[in-house]
Amino acid sequence: MIFLREINPLSLKLLERIYRQSRYHQVSQRAHFLIFASQGVNVEELLQIFNVSYKTIYNWINRWESEGMFGLYNKRGRGRKRIFKPEQESEIREWVKQEPRQLKKTLQKIKAEWNIEVSTETIKTI
């Protein structure tokens, strides 16, 4: 049995909306978990339904208890860090506009200007 403080009807309604409409899978999954947990589904079933570890369930509950709705969302700092600063990215965009079919020239400019080596795929992403 999960010890989760009772979720009020308004929060439950909001959780259902987040579950159905969130564009982020992890947020939707956490909201869905909280809906099930509030209905009294036991831990073993939740582990199988969401295919996560007990530690993950524990973390989701702690984030919900301490942060509420904000605990559903990932915190900043996850994932790969940016290679370029925003002003560098805008300069790269300008270089690509000048010579859109010459990405290797843009790579050479980046290497000469900032001494950063990246792939053409990174330039396409920018």
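Quick note: the coordinates plus some simple rules give every number you see, no bench work behind them. Bear in mind that the values here come from a model prediction, so they are computed numbers and not experimental data. In this analysis, Cβ positions are derived from the backbone assuming ideal geometry, glycine residues included, and neighbour counts consider all displayed protein chains.
Descriptive notes on the structure:
- Listed by Cβ neighbour count within 10 Å, with the fewest neighbours leading, TRP95, TRP64 appear as TRP95, TRP64.
- Option label - Cα extents along the principal axes in Å computed here, alternatives (i) 47, 27, 18; (ii) 61, 27, 24; (iii) 43, 29, 27: (ii)
- The chain, relative contact order [Cα under 8 Å, separation at least 6], %: 17
- Degrees between helix 86-98 axis and first principal axis of the chain (Cα, 0 to 90, nearest 10): 50
- Between ARG101, ARG78, ARG23, the GNM of the chain built on Cα springs shorter than 10 angstrom shows ARG101 fluctuating the most.
- Residues TYR58, TYR73, ranked from the fewest to the most other C-beta atoms within 10 Å, line up as TYR58, TYR73.
- In terms of surrounding Cβ atoms within a 10 Å radius of their Cβ, HIS25, HIS32 rank from fewest to most as HIS25, HIS32.
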